[in-house]
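Trainee: I'd like to ask you about the structure that follows.
The values are calculated or read from the model by the stated rules, or taken from the named source; none is laboratory data. What you see is a predicted model, and the numbers here were worked out from it, not measured in a lab. So basically every Cβ, Gly included, is an ideal-geometry build from the backbone, and we count neighbours across all protein chains shown. Remember, those area values only see protein heavy atoms, side chains included, never the ligands or the DNA or RNA. Shrake-Rupley method; radii C 1.70, N 1.55, O 1.52, S 1.80 Å.
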Amino acid sequence: MKMLLSILRGRAPSAAVAAALARRRLSLPTNRAPTGRRSVQVAIPVIAICAVAFFTAPAVAQARDVIHKGDVVVVPLRGEVAPSLLAFLRRAVKAAESNEASAIIFEMNTYGGRLDAAADIVNALNQTSIPTYTFINTNAGSAGAIIAIATQHIFMAPVSAIGAAAPILPTGEDLPTTAREKTISYWSALIRSSAIKNGHNPDIAEAFINKDKEVKIGDRVVHPKGAVLTLNAQEATERINNKPLLAEGVVDSIVDLPKKAGLKGNVVAIEPTGFEQIAFWITALAPLLLLGGILGAYLEFKIPGATLPGIISAICFALFFFGHYVAGLAGWEVVALFVLGIVLVLIEILFFAHSTIVFGVVGVFLILASLLWTMIDRYPGQNFFPTGKMLAVPLLNLFIAIISSLIVIALLARYLPRTSIYRRFALMDSNPPGPSLAGSPRQFATALSLTPGMQGTAVTVLRPSGKARFADHVVDVVTEGEFITPQTAVTVIQSDGMRVVVKRAAQG
């Protein structure tokens, strides 16, 4: 924690911390606009980008979803069943209903996913007034089978399967006995009612989730107890008593289904939007977004006059939070927690750097907590405090991002000052225009040999960084945390390349 605050403040860390980070780091120049002005300069483009994204997203979605009355809408249902997929399916159903489509076909290829997301999708499907079809191309496993039962008509590809919907833990292990009994009891009732509503055999539906369910039609035992039911295309379409066991037919592709089902009207496909695609990938990209956000913030503090790193940092964090929000993993309260942490860190740097680290420590803690909490995949009804399994992936992502950031920061601190890009921005003793500093020499701090004990005068306020005059040279300096007013005598206590550390000179 102290190491992070030292990096952000520009304060000289302890010897142990300095050894851990390597002995060289970038100096903290002060040739920059005031903090408030720079914050506004960075915030305005970021807010504009986010506003354009938020307000144009619905328009882009509507432009892509060109549906006319009587059209047959095809909605892909691929990959893991998750809240992000729920958001897409809700949008697709709403678009189809508002434009009076004649039917919705869900092209399914999923091995399953979250049961709570599947329950919300089932609820949305059971409320639609448009005929619903599922084309299983190739898999309808686990939660996918539950969703397929919630549609009124089921068709299957020649090589396909549906079933095996028994609930398990995210790790793949079986539920504990008591939890398993409660879960199966609830979901058996839910899937039976969904099957009855949509004209399917409720015993078949329950056998997908309950291995103790026997399926018997007339005198024939279709499925014995002892295993959850899984049907291939030929088994699901078998006709018993002149009625298909589950699926109405086998079709080769989604193109053939409207003909087989007797649907008329143009076929229109709806695909996920860009933001929904972000939600699909955001959890995998979380460490990279965190890395970009941390590095951008670091470079924004270290390079004067360059607002691009700050903008990149803000965009990375905005995408991180927005993507997890769209995916249903976090609400806007974690964003508020993150902003509060940033505010406390800025208060520490601007006002209390010379006296206390309480604000900074609390701020860093809130920032890390908000980033971690955003990635936690909490199920409804679970305890507020996450379990170890729930924390495993978020902690790994955060650990990867922080360790990678420290490694890259150490490399930048060592090699970036030697590059022409850095020297283009970091004219160490170039002064802002003004009568009091007019005519001051403009050289790098390294042009003057400064040794410990050498005395000078503060030209600007040192909070903790600023400018001081030594002989005829004005150079960038930094204190160990104390604030020093202009025209105060200062003494050099450390000089390491372009970094000069000073303190208030002893009186008398």
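Trainee: Go ahead and run the numbers for FRET between residue 123 and residue 408, Cβ-Cβ distance against an R0 of 45 Å, rounding to 0.05.
Mentor: Working: r = 46 Å, r/R0 = 1.01.
The computed FRET efficiency comes out at 0.50.
Trainee: Taking only protein heavy atoms into account and a 1.4 Å probe, give the accessible area per residue of the range 151-242 in Å².
Mentor: Details: 4850 Å² over 92 residues.
Dividing the accessible area of the range 151-242 by its residue count gives 53 Å².
Trainee: How high is the FRET efficiency between residue 66 and residue 333 when r is their beta carbon distance and R₀ equals 45 Å, given to the nearest 0.05?
Mentor: Details: r = 37 Å, r/R0 = 0.82.
Taking R0 as 45 Å, the efficiency between residue 66 and residue 333 is 0.75.
Trainee: Taking amide H positions as placed 1.01 Å from N in the peptide plane, with prolines and chain starts having none, which residues 5 or more places from residue 267, or on another chain, fall under 5 Å of its amide H?
Mentor: 72
Trainee: Return the long-range amide H neighbours of residue 103 (sequence gap of 5 or more, or a different chain), with a cut-off of under 5 Å between placed amide H atoms.
Mentor: 73
Trainee: While we're on this one: So if each residue of separation counts as 0.36 nm, and I subtract the Cα-Cα distance between residue 138 and residue 271, what length gain in nm does that give?
Mentor: On the way: separation 133, 0.36 × 133 = 47.88 nm, distance 1.86 nm.
Residue separation times 0.36 nm, minus the Cα-Cα distance, leaves 46.0 nm.
Trainee: Which loop-located GluC sites (Glu not before Pro) does the range 155-212 contain, where loop means any DSSP state but H, G, I, E or B and the Cβ has at most 14 other Cβ atoms within 10 Å?
Mentor: Sites meeting the loop and neighbour criteria: 173.
Trainee: For residue 259, put the label point 7 Å out on the Cα→Cβ axis and report which residues of the range 150-169 keep their amide N under 20 Å from it.
Mentor: 154-159
Trainee: Near the amide H of residue 467, under 5 Å away, which other amide H atoms are found, from residues 5 or more places off or on another chain, if H is placed in the peptide plane?
Mentor: Correct list: 459, 460, 477.
Trainee: From the phi angles alone, apply the Karplus equation (6.51, -1.76, 1.60; θ = phi - 60°) to the range 334-340 and give each ³J(HN,Hα) in whole Hz, x where the residue is Gly or Pro.
Mentor: 6, 5, 4, 5, 5, 4, 4
Trainee: Given the peptides 292-301, 215-224, arrange them by the average over their residues of other C-beta atoms within 10 Å, most packed first. Walk me through the numbers before you get to the answer.
Mentor: Working: 292-301: 21.0, 215-224: 13.1.
Highest mean packing first, the order is 292-301, 215-224.
Trainee: Please give the FRET efficiency for residue 472 paired with residue 308, using the beta carbon to beta carbon distance and R0 = 41 Å, rounded to the nearest 0.05.
Mentor: About 0.75, to the nearest 0.05.
Trainee: Right, here's the next one. Within the set 467/503; 182/211; 211/243, which residue pairs have Cα atoms separated by over 20 Å? Could you put the intermediate results ahead of the total?
Mentor: Details: 467/503 13 Å; 182/211 14 Å; 211/243 24 Å.
Beyond 20 Å: 211/243.
Trainee: Right, another one. Could you derive backbone 3J(HN,Hα) for the range 136-146 from the dihedral phi with the Karplus parameters 6.51, -1.76 and 1.60 (θ = phi - 60°), listing whole Hz in sequence and x where the residue is Gly or Pro?
Mentor: 7, 9, 9, 10, 9, x, 6, 4, x, 5, 4
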